[in-house]
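> This structure is in structure tokens; I'll ask about it shortly.
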Amino acid sequence: MSDLAGFFAMGGYGAFIWPSFGITLAVLVLVWIESNRRLKRNERALAEMEKGLGGRR
Amino acid sequence: MKPFLAIVRRDVRLAFRQGTDTLMTLAFFVIAVVLFPFGVGPEPNVLARIGGGVVWVAALLASMLALERLFQTDYEDGGLELLALAPMPLQIVVLAKVLAHWLATGLPLAVVAPMLGVLMNVPPDVFPVLVAALLLGTPTLSLIGAIGAGLILGARRGGVLLALLVLPLFIPVLVFGVSAVEVAAQGFSPKASLLILGGLLLAALALGPWAAAAAIRQALE
Amino acid sequence: MKRLDWFANPARFLKVARAVQPWAAGIALGLGAAGLYLGLVASPPDYQQGESVRIMYVHVPAAWMALFCYTMLAMASAVALIWKHPLADLAAKATAPVGAAFTFLALLTGSLWGKPMWGTWWVWDARLTSMLVLFFLYLGYIALNGAFDDPARGAKASAVLALVGFVNVPIIKFSVDWWNTLHQPASVLRAGGPAIHESMLAPLVLMALAFKAYYVWVVLIRIRAEIAAGKIRAARLRATGSAAL
């Protein structure tokens, strides 16, 4: 148990190390999420547009 | 040579006839500097410590005000297209317009700077260095600004965007311009910083018109 | 150039992208997990810096990616302007936000490393200042790209900006050599080879490769999104064109 506590404390530098890794992970995940949202949104709009145009023909 | 001077003369005459560009630039310069004693307190030592930097930053921001319209009016009334099709290379056209812009904005800034130096308690024997540095630096600002002005033709919110684009590129000029003044205030020779400012100017003269012409051509396509 | 031309057909590109994407994802996640394990658990603390050296395992790869992405941005912009390759504009536009994110992370983790190491969150030395300028260049690129009603115009304008700003990249790289900086000099990518121990080099390289794979992964997603957006615009133009007839 004290090992785990020691791991999180990181020799007193925990307050700097964990936010560094945490925010890095968070930002990279957020960018990935936004990119996927953008892709899905565009592909959905494209599919609807092609369906509409196909129907009119 | 004649067409080059023709463009310069025309633009300078337009600038002075309207008067707004020069007056606006100088007025902003003065107001921006005057705000600092109110902001940081009037204590002479504090003002002297930051004086060179304040005058330079104010000059930088002021010289940006008139940049947005460097090519704008010609772009809107079709004159820019004519100039692009003319036998004179577009880079030379840019150079002529930048020279006119500098004569109407940058040169007055350099001339007025010593008066603002007085307000900021800059030691008077530093004034020649301040003016020399501004004379070397403001043309570079106009040249770099011309690139930005070409890029934003037809953009939404061009003025703000221009600031965002161009201010990071101004930083080297600012760094060495202030360094010249501070070094001189401490009694040493500012020659190194002034030489670097000169080098930056030469680089801007070589690359600026070329990049600005490329930007303008993209806008005209 | 022939091979790049082959990619100019969006359908072909999409086929390749869909094949490559899962691999990039797998490599990013796999190497990332391995790098994190080595970096946080299985590697030793530094003799001088203690545990805080572990921040290096995200800070340095992020900084490398910040420069790498801008180089990619500049190259794509050059290809777009000179050869007018249709995918180059899209690749550039897709890269910019990723590069900006890495630059932000480099600055942030650098600050979190600097406080315990140097005693200050920030210092205006050449390395940090030029990295901050790089961040502004990314923001300027993204802003300029989106500032026009015609996206092609925005792409061209921002391409010129990307090339003008490329002068900053060598300045960043060599800033610790040219000027007296608080930031330490190069210890990995230098003549004479890396100067850090292999137990620290391993997680560093793993994280760097993981970030590169992540870049490929996300940029492919973003390019696919841009291709779809382009198709929508083209379809709208066709629709209004035929409606006008």
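The values are calculated or read from the model by the stated rules, or taken from the named source; none is laboratory data. Quick caveat: nothing in here was measured; it's all calculated off a predicted structure. Note that we place each Cβ from the backbone using ideal geometry, even for glycine, and neighbour counts take in every protein chain shown.
> Here is a check on your reading of the model: is B:Leu141 more than 14 Å from chain C (Cβ to nearest Cβ), buried (at least 24 other Cβ atoms within 10 Å of the Cβ) and of a type in the set (A, V, I, L, M)?
yes
> Would you list the helices (runs of 4 or more DSSP H) that sit entirely within segment B:10-114 and hold 3 or more residues that are of a type in the set (A, V, I, L, M, F, W, C) and in contact with a Phe, Trp or Tyr (Cβ under 8 Å, 6 or more places away or on another chain)?
Of the helices (runs of 4 or more DSSP H) lying wholly inside segment B:10-114, those with at least 3 residues that are of a type in the set (A, V, I, L, M, F, W, C) and in contact with a Phe, Trp or Tyr (Cβ under 8 Å, 6 or more places away or on another chain) span B:44-65, B:90-101.
> Further question: Quickly run through segment B:35-54 and pick out the residues that are under 21 Å from the mean Cα position of the chain (by Cα) and exposed (fewer than 15 other Cβ atoms within 10 Å of the Cβ).
Across segment B:35-54, the qualifying residue is only B:Leu35.
> Look through segment B:151-209, keep the residues that are outside any helix (DSSP H, G or I) and without any contact (Cβ under 8 Å) to a residue 40 or more places away in the chain, and return whichever of them is surrounded by the most Cβ atoms within 10 Å (Cβ to Cβ).
Here the residue is B:Ala155.
> Hey, among the residues in segment C:162-215 that are hydroxyl-bearing (Ser, Thr, Tyr) and assigned to a loop (DSSP other than H, G, I, E, B), which one's nearest to the chain's Cα centre (by Cα)?
Top of the filtered list is C:Ser187.
> Determine if segment C:73-95 includes at least one residue that is at pLDDT below 90 and within 13 Å of A:Ser20 (Cβ to Cβ).
No, segment C:73-95 contains no residue that is at pLDDT below 90 and within 13 Å of A:Ser20 (Cβ to Cβ).
> I would also like to ask the following. Only residues in segment C:162-173 that are under 14 Å from C:Phe136 (Cα atoms) count as the first member; pair them with residues that are among the small types (Gly, Ala, Ser) and part of a helix (DSSP H, G or I), Cβ under 7 angstrom, at least 6 apart or cross-chain, and list the lot.
Matching pairs, first to second residue: C:Ala162/C:Ala74; C:Ala162/C:Ser77; C:Ala162/C:Ala92; C:Val164/B:Ala211; C:Phe166/C:Ala74; C:Asn168/C:Ser130; C:Ile172/C:Ser130.
> Please work out which residue is surrounded by the fewest Cβ atoms within 10 Å (Cβ to Cβ), limiting yourself to segment B:17-33 and to residues that are out of contact with any helix residue (DSSP H, G or I) (no Cβ under 8 Å at 6 or more places or on another chain) and not β-branched (Val, Ile, Thr).
B:Arg17
> Taking segment C:17-49 only, how many residues are in a helix (DSSP H, G or I) and crowded, with 16+ Cβ neighbours inside 10 Å?
14
> Filter segment C:62-75 down to residues that are touching a residue at least 12 places away in the same chain (Cβ under 8 Å) and more than 14 Å from chain A (Cβ to nearest Cβ), then give me how many there are.
7
> Could you please find all residues in segment C:76-132 being more than 14 Å from chain A (Cβ to nearest Cβ), of a type in the set (Lys, Arg) and over 12 Å from C:Ala63 (Cα atoms)?
Hit for segment C:76-132 is C:Lys84, nothing else.
> For B:Leu135, are the conditions met, namely being out of contact with any Lys or Arg (no Cβ under 6 Å at 6 or more places or on another chain), surrounded by fewer than 19 Cβ atoms within 10 Å (Cβ to Cβ), away from every other protein chain (no Cβ under 14 Å) and part of a helix (DSSP H, G or I)?
No; evaluated as a whole, the condition is false for this residue.
> Is at least one residue of segment C:150-160 within 26 Å of C:Val218 (Cα to Cα) and not in a helix (DSSP H, G or I)?
Looking through segment C:150-160, at least one residue is within 26 Å of C:Val218 (Cα to Cα) and not in a helix (DSSP H, G or I).
> Checking C:Trp178 against (1) within 14 Å of chain B (Cβ to nearest Cβ); (2) more than 20 Å from C:Ala88 (Cβ to Cβ); (3) among the aromatic types (Phe, Trp, Tyr); (4) surrounded by 20 or more Cβ atoms within 10 Å (Cβ to Cβ), which single condition isn't satisfied?
Among (1) within 14 Å of chain B (Cβ to nearest Cβ); (2) more than 20 Å from C:Ala88 (Cβ to Cβ); (3) among the aromatic types (Phe, Trp, Tyr); (4) surrounded by 20 or more Cβ atoms within 10 Å (Cβ to Cβ), the lone unmet condition for C:Trp178 is (4).
> Using the structure shown, decide if B:Ala96 is closer than 19 Å to B:Leu61 by Cα and in contact with a helix residue (DSSP H, G or I) (Cβ under 8 Å, 6 or more places away or on another chain).
It is false that B:Ala96 is closer than 19 Å to B:Leu61 by Cα and in contact with a helix residue (DSSP H, G or I) (Cβ under 8 Å, 6 or more places away or on another chain).
> Does C:Ala152 qualify as being within 30 Å of B:Ala146 (Cα to Cα), within 9 Å of another protein chain (Cβ to nearest Cβ) and either surrounded by 22 or more Cβ atoms within 10 Å (Cβ to Cβ) or not acidic (Asp, Glu) (or both)?
The answer is yes for C:Ala152.
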